[in-house]
Amino acid sequence: MQTAFLIEYIAWVFVSTIGVLQFVAVQSKLWGLLFLRSQPKATKICSILLLVFAFIWYFEPGDRNQPDTGLGLDANIQAFWFTMSAAAAAGTTLALTSITNHGWGKKHGWDRRLGEAPPIGLTWLSQTTYFHAIRARMTHRGRRAVDRAGK
Amino acid sequence: MIELDHSVMLWLNGFAGNSRLADSVMQALVSDYLSPVLSSLVLLGLWFSGSSNVERYQNQLVTLTGGIAIGFSNAMVMMVNGLIFRERPFVDYDISVHFYAPTDSSFPANSASVGFAIATAVWLRHRRLGSALYVLAAIWGLARVYAGVHYPSDIFAGAVIGVIGALLAAGIVRILAFIPRNVFKAFRMIYIA
């Protein structure tokens, strides 16, 4: 039974994190992180609804007040699974939005032929997807290594 | 002072059991999950928010400060718990309890320390958002008094510990700024910061 309680907690955090990330991505104009890139307003509304749904789903069935010596989760376990679940939700968002925005992300404005390093930080996800950003960084590093070996 | 503390607890707890709606709302508010997850989601959201790398870096420092503040306030609560043991209100009085029966010390409230630690960490940079989190932490604390598991002074002491923990965390983050600066720079290279 404690496993069921834990799985519900993980699912709740996972869904809530996706909602938060979509909301923040719209606010911060990180278009490469959006599932519905061309619909920022709809994304904002959907993210709020997703959060509300997740909280109602988690608390609606009844009493969640269980002692950590029984069904409940103690603070350390809660913190650990919150981190794991939130990281999984962030990873899922980065991967899925890289796939859904693949075509758009190609036109990210960085040209490897110029030899300049690609931009760093999440801010670049306003112009490209996570996978494209990582690929650009790896391409640049590989090219630098080849240049160094050539010298 | 102790009398006032007990009277306020009895007065607040007196509302429990009168309305099913109020009780179910309070059962959600008092839980170990609602307020901590909501506050943690705010910290998580701050990690990604900002219109530039500089602004985002400042927000990420808030997330880091919040995390450290939780650790500090928990440690301080544990230290106080080691020195002082106070029975829970439902042990001292025959009252209606709307929570499970914790066996650890009532003083100070760990829940309030965590809630106020996160709120303070956020408030230091984002006044409005931080104030909203203060309200959430205060409601969480009041719900615990309503549920019959804490006295108001437990909540107050927890809140003070939380604020101190957050201020200490903010000071340490400021003094050791070169650590997050370099770690976050590495994170920016792989686009997670």
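Side notes on the structure shown:
- Note on the protein assembly as shown: percent of Cα-Cα distances in each 20 Å bin, starting at 0 and stopping at the bin with the largest distance, equals 28, 51, 18, 3, 0.
- Between helix A:40-59 and chain A: long-axis angle, C-alpha atoms, 0 to 90°, nearest 10: 30
- A Förster radius of 30 Å, combined with the Cβ-Cβ distance separating A:Arg144 from A:Met84, puts the computed FRET efficiency at roughly 0.30.
- Distance-filtered residues of the stretch A:5-22 - backbone nitrogen under 13 Å, label point 7 angstrom along A:Asp74 Cα→Cβ: none
- Cα lying deepest toward the dipole's positive end in the stretch A:53-151, options A:Leu71, A:Leu122, A:Gly103, charges on Cβ: A:Gly103
- The mean of 1/r over all distinct Cα pairs in chain B, once inverted, gives the Kirkwood hydrodynamic radius of 17.5 Å.
- Calculation over all alpha carbon pairs of the stretch B:1-109 in 5 angstrom steps from 0 returns a P(r) of 2, 9, 13, 16, 16, 14, 11, 8, 6, 3, 1, 0 percent.
- On Cα atoms only, tilt of B:152-175 relative to the major axis of chain B in degrees: 10
- Rg/Rh for the stretch A:1-85 (Cα atoms only, Rh after Kirkwood) is 1.08.
- As a proxy for reagent exposure, ranking B:Leu21, B:Leu124 by other Cβ atoms within 10 Å from fewest up yields B:Leu21, B:Leu124.
- Diffusion constant of the stretch B:85-166 at 37 °C, which comes from Stokes-Einstein with the Kirkwood Cα-pair radius and 0.692 mPa s, µm²/s: 258
- Gap separating the Cα centres of the stretch A:75-151 and the stretch B:53-117, nearest whole Å: 37
- Segment B:Asn182-B:Leu4, length gained on full extension (0.36 nm per residue, minus Cα span): 59.0 nm
- Converting the Cα gyration tensor eigenvalues of the stretch B:1-53 into ellipsoid dimensions via √(5λ) gives semi-axes, longest first, of 36, 16, 8 Å.
- Average projected area [Cα convex hull, chain A], square nanometres: 11.8
- Here A:Arg143, A:Arg37 are placed in order of increasing Cβ neighbour count within 10 Å, fewest first, which gives A:Arg143, A:Arg37.
- Chain B: angle of helix B:20-30 to the longest principal axis, Cα-based, in degrees nearest 10: 50
- R0 of 45 Å, Cβ-Cβ distance B:Arg128-A:Thr100: FRET efficiency to nearest 0.05: 0.85
- Along chain B, counting only chymotrypsin sites (Phe, Trp or Tyr not before Pro) with a DSSP assignment other than H, G, I, E or B and at most 16 other Cβ atoms inside a 10 Å radius, the longest segment between sites is B:94-193.
- Neighbour-count order for A:Asp68, B:Asp94, fewest beta carbons within 10 angstrom listed first: B:Asp94, A:Asp68
- Point-charge dipole on Cβ atoms (K/R +1, D/E -1) for the protein assembly as shown, about Cα centre, debye to 20: 2880
Values in this text are rule-based calculations from the coordinates and carry no lab data. Everything quoted here is computed from the prediction, not taken from an experiment. Backbone-built Cβ (ideal geometry, glycine too); neighbour counts: all protein chains shown.
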